[in-house]
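Enquirer: For reference, the structure I am asking about is given below.
Readers should treat all values here as calculations from the given coordinates under stated rules, not as data from a laboratory. Predicted model, so just to flag it, every value in this text is computed and none were measured. For neighbour counting, all protein chains shown are included, and Cβ atoms are generated from backbone atoms with ideal geometry for every residue, glycine included.
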Amino acid sequence: MKKTRLLFAVNRHWYPTLFSAAELERLRGIVELLNEDPPSVIDKNFLLENLPDADIVVTSWDTANLDAEILAAAPRLQLVCHAAGSVRPVVSDALWQRGLRVTSAAPAISHGVAEFCLGMILMATKRVFWSAQAVRQGYWQEASSSFGGLFELYQQNVGIVGAGYIGKHLSRLFGNFDCQVYVYDPYLSVDEAKSLGCQKVETLEELFSQCRVVSLNAPSNEGTRHMLRGHHFAALPTGAVFVNTAGSIQIHEAEFVEELKKGRFVACLDRCETEPCPLDHPYRTLPNVILTPHIAGVAAENRFRIGTFAVNEVEAFVQEKPFIHEVTKEKLATMA
C-alpha cells in the first residue's frame, strides 16, 4: 500500500528549530516525505512546483498563501498541517470552498506563553524587578512599597481575559495557588469556566474592578480591537499587576498610557502596538512598566513542541483518528 505523501513547506530557517530528529524519524514511519531539505523561501513558485504530489502539506511562518491557483495545481492535497501560530496567513477562501482540512500547532505555543505570564506575575506582585534595580542603586527593601506595594497570590482574585489555548493553560497553572480565578470570554460557558476552576464574569468592568492581577490573553482580531479602554485600567485596585502577552491591538494604547502615568499599578508588557516601539515611547520610560521584546512564546526549545503537535496531527490523519486541534472556517472567526 502506497504511503501518504507529505511536503514540508517550512523554510530552512524554521525547519530545524521545529522538527527534532526524533519527530522526523517518527514521521518517516508514518508517511513518505517528499522533501527533507526545504529552501530558504517557501514562495508561490515552490508550492506550484512541489505541491502536486502531496497529500499533506506542513506549513509554518513565512509560507506563501494557499490561494486558488496553488490549490488547482494540488489535486491530491487533503490536509494542511500548520506548524506555527495563526493559520490566517496560509488559508484562503478557495481552501475552505474545497473542503480541505486544517490543523494548527498553535496550542503548543500556549504552554510557553502561559508559563511566561505566570512568571511575570509572580515577579511583579513581589516587585522583584523594581527591588533588584533599587538594590543596585544602594537601597534595600524600600522599593517593595512602590506603586501600591508588593503582595502575594494567596487568597487574591486574579483575572484572565480570553479563555483560548493560553488562557486555559494559565488557569490550570493558577490551580497550584490558593487564589480565585475569574475569566472573561463571551464564547466560554459557565460550565466550561467551572471545569477550568474559574468563575466566569459577564463584563470586563467586573473583572478589572475585582481582580488584583489581570492577564490579557484574548486573540488579536477585529472583534477584540481596542476592547480594553482607559476606564478598565482606572478600575484596577491600587497596586494591581497587568500582563499583556496577547497582541498589539486589544488595548487602546493612548488611554492605557494615561492610566499608567498615574503610577497606581504596574504593567508587564511583551506586546505593543508597533514592534519595536519607538525609542521615545512611554513604555520604555515609565517606571511602572516592564517591557520585553515579544519573547513570551516559542523563543527557543519550546519550538520543538510545535513540531510534536504537528506530527501528532499527521499521525491522526493517517490512522483515521480525530484531530486534536482542527481549525474550521467558523472556528477561525474567533481565533487570532
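Enquirer: Run the paramagnetic zone check for Asp53: 7 angstrom along Cα to Cβ, then residues of segment 13-33 with backbone nitrogen under 17 Å.
Expert: 28, 31-33
Enquirer: Using per-residue counts of other Cβ atoms within 10 Å, averaged over each peptide, order 137-146, 62-71, 211-220 from highest down. It would help to have the intermediate numbers written out before the result.
Expert: On the way: 137-146: 12.5, 62-71: 18.5, 211-220: 24.8.
Ranked by mean Cβ neighbours within 10 Å, highest first: 211-220, 62-71, 137-146.
Enquirer: Another question about this same structure. Would you calculate a helix-derived [θ] at 222 nm for the chain, using -39,500 (n - 2.57) for each DSSP H run of n ≥ 4 and dividing by the full residue count, to the nearest 500? Show your work: numbers first, answer last.
Expert: On the way: 15 runs with 119 residues, N = 336.
Taking each H run of at least 4 residues, the total per residue is -9500 deg cm²/dmol.
Enquirer: Give the separation of the Cα centroids, segment 235-265 to segment 272-333, in Å.
Expert: If you average the Cα positions of each part, the centres end up 22 Å apart.
Enquirer: Something else: Between Ser189 and Asp37, what is the label-to-label distance in nm when each label sits 7 Å out along the Cα-to-Cβ direction?
Expert: Inter-label distance under the simple model: 5.3 nm.
Enquirer: Listed here are the pairs Lys2/Lys329; Lys200/Lys331; Lys168/Lys262; Lys168/Lys331; which of them are more than 23 Å apart at the Cα? If you can, show how the numbers build up before the last one.
Expert: Numbers: Lys2/Lys329 31 Å; Lys200/Lys331 21 Å; Lys168/Lys262 32 Å; Lys168/Lys331 17 Å.
Flagged as over cut-off: Lys2/Lys329; Lys168/Lys262.
Enquirer: Could I ask something else about it? Report Rg(Cα)/(2.2 N^0.38 Å) for the chain, keeping two decimals.
Expert: 1.10
Enquirer: Here is a further query. Nothing charged except the Cβ atoms of Lys and Arg (+1) and of Asp and Glu (-1): what's the magnitude of the dipole of the chain about its Cα centre? Round to the nearest 20 debye.
Expert: Numbers: 31 positive and 38 negative charges, 98 e Å.
With only Lys, Arg, Asp and Glu charged at Cβ, the dipole is about 480 debye.
Enquirer: Using r as the Cβ-Cβ distance of Glu315 and Ser248, and R0 as 30 Å, what FRET efficiency do you calculate, to the nearest 0.05? Provide the component values of the computation, followed by the final result.
Expert: Values: r = 35 Å, r/R0 = 1.16.
Calculated transfer efficiency: 0.30.
Enquirer: Based on the Kirkwood radius over alpha-carbon pairs, what is the Stokes-Einstein translational diffusion coefficient of segment 110-291 at 4 °C with 1.567 mPa s viscosity, in µm²/s?
Expert: 79 µm²/s
Enquirer: Between beta-carbons, use under 15 Å as the cut-off and find the net charge around Leu207, counting Lys and Arg +1, Asp and Glu -1. Please report the intermediate quantities before stating the final value.
Expert: Numbers: positive: Lys200, Arg212, Arg229; negative: Asp185, Glu202, Glu205, Glu206.
Around Leu207, the charge tally is -1.
Enquirer: Follow-up. For Glu330, project a label point 7 Å along Cα to C-beta. Then give me every residue of segment 205-242 with its amide nitrogen under 18 Å of that point.
Expert: It comes to no residues whatsoever.
Enquirer: Here's a follow-up. Towards the positive end of the charge dipole of the chain, with charges on Cβ (+1 Lys, Arg; -1 Asp, Glu), say which of Ser131, Ser195, Val298 has the farthest Cα.
Expert: Ser131
Enquirer: Next up: Once the dipole of the chain is set up with Lys and Arg at +1 and Asp and Glu at -1 on Cβ about the Cα centre, which of Phe19, Val213, Val31 lies farthest towards its positive end?
Expert: Val213
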